[in-house]
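The values are calculated or read from the model by the stated rules, or taken from the named source; none is laboratory data. Not measured: the values here are computed from a predicted model. All Cβ positions, glycine included, derive from the backbone under ideal geometry; neighbour counts span all protein chains shown.
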Amino acid sequence: MSLFDRAIVRVLPAVPRPVVQLFSARYIAGSTLAEAVQVVRSLNAAGKMATIDVLGEEIRREEETRAITQAYLDVFAAIEREGLDANVSVKPTALGLDLAYELCRENLLAVLAQGRFVRIDMEDSSTTDDTLRLYRELREAGHDNVGVVLQARLRRTLEDVAALADLRPNVRLCKGIYLEPPSIAFTDADAIRASFVRALAALLDGGSYVGIATHDEWLIGESVRLVSQRGLSREQYELQMLLGVREERADRLVAEGHRLRVYVPFGDLWYAYSLRRLQENPAMAGTIARATAGRVLGLRG
Ligand SMILES: Cc1cc2nc3c(=O)[nH]c(=O)nc-3n(C[C@H](O)[C@H](O)[C@H](O)COP(=O)(O)OP(=O)(O)OC[C@H]3O[C@@H](n4cnc5c(N)ncnc54)[C@H](O)[C@@H]3O)c2cc1C
């Protein structure tokens, strides 16, 4: 990322919301469940699986966490009705983690009770301990339809892999999008990649099913190499990408015989998710800066 892009990333929160919405539209299925269903249908038709995310995070009112929980139940009903090849991803702070651990657990149990697979997304490092505790408690209580996420960016991740090993966890492995201090996170791109590869090898060797979530060409290559070195069949792992990112690469991975799942977010609470996607888009910062500074779009925040 250039110095200019880094500067833009810092000022992204000051960019007018309509501009953010315009530039992030490709990353979001829409505001309604019907729109998400439509997107998942076409992904399925192209041989891709999906994980559906009801947008929302850092929710601080209990009734809103209940509404998001209900929205997930509606998603499951739609998956069933439409025969979609999809599961769901949930954010602990959307289900109430910022309010009370017990509230989050209760909401998550309601989602898990549907019996379909639920992936617990990983948020910033202030939530890591609680999220892993929640995951362990659920597994120890006999819920096998749940998976967790580990972030290669965090220095602790290899230890977390070891600590979870007795559960043979179903893990989505990603770099981690939240900017964390160097005391707890690798900041150098090569160090993050090396951490990803180490964690992936350890997870695969421990018998975990891994959702390998990256668009990084080098990491895709290394991951495929690790998987084939171990003689894993296509049912024993999956690749994962975000909606709107490197879609042509996703098509090629499917054509090459890999199973691939696309993260499909929908809903009205699109802002925080959109900022994160723009922040990591190498080509976007400058475009947004020009649009905003020059008021090319004539939009106001
Ligand atoms: C399915 C899925 C689920 C995820 N879940 C979580 C989670 O629970 N917690 C968490 O912290 N993070 C999550 N992430 C985000 C992840 O941590 C990274 O921030 C993100 O995937 C970018 O890292 P990368 O490995 O793709 O590498 P990068 O080096 O960031 O990207 C590699 C290349 O991909 C392309 N690219 C990447 N992002 C964009 C973009 N937004 N727009 C356009 N092009 C782009 C570019 O060509 C870039 O050069 C998830 C990612 C995926 C794919």
- Message: Take the residues in the range 115-134 that are in contact (Cβ under 8 Å) with a residue 60 or more places away in the chain and either in a loop (DSSP other than H, G, I, E, B) or away from the ligand (no atom under 14 Å from the Cβ) (or both); name whichever of them is nearest to Thr51 (Cα to Cα).
- Response: Asp121
- What are the residues in the range 203-232 that are out of contact with any Cys (no Cβ under 7 Å at 6 or more places or on another chain), crowded, with 17+ Cβ neighbours inside 10 Å and not in a loop (DSSP other than H, G, I, E, B), if any? Leu203, Leu204, Val210, Gly211, Ile212, Leu219, Ile220, Glu222, Ser223, Leu226, Val227
- Looking only at residues in the range 173-184 that are more than 6 Å from the ligand (Cβ to nearest atom) and at pLDDT 95 or above, which one is surrounded by the fewest Cβ atoms within 10 Å (Cβ to Cβ)? Ser183
- Task: Output the residue which, of all residues in the range 228-276 that are among the basic types (Lys, Arg), touching a strand residue (DSSP E or B) at 6+ places or on another chain (Cβ under 8 Å) and within 11 Å of the ligand (Cβ to nearest atom), is nearest to Val148 (Cα to Cα).
- Result: Arg261
- Item | Filtered residue count, the range 147-166, keeping only those that are in a loop (DSSP other than H, G, I, E, B) and either polar (S, T, N, Q) or over 21 Å from Thr51 (Cβ atoms) (or both) | 2
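This table checks each residue for (1) among the polar types (S, T, N, Q); (2) out of contact with any Gly (no Cβ under 8 Å at 6 or more places or on another chain); (3) under 22 Å from Gly211 (Cα atoms).
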| residue | (1), (2), (3) |
| --- | --- |
| Gln21 | yes, yes, no |
| Ala45 | no, yes, yes |
| Ile68 | no, no, no |
| Lys91 | no, no, yes |
| Arg105 | no, yes, no |
- Any pair with Cβ under 8 angstrom, 6 or more apart, that starts in the range 54-66 at a residue that is on the phi < 0 side of the Ramachandran plot and ends at one that is of a type in the set (Asp, Glu) and part of a loop (DSSP other than H, G, I, E, B): Leu55/Asp268; Glu57/Glu123; Ile59/Asp98; Arg60/Asp98
- Query: Which of (1) more than 10 Å from the ligand (Cβ to nearest atom); (2) within 18 Å of the chain's Cα centre (by Cα) is the odd one out, the single condition Val224 does not satisfy?
  - Reply: (2)
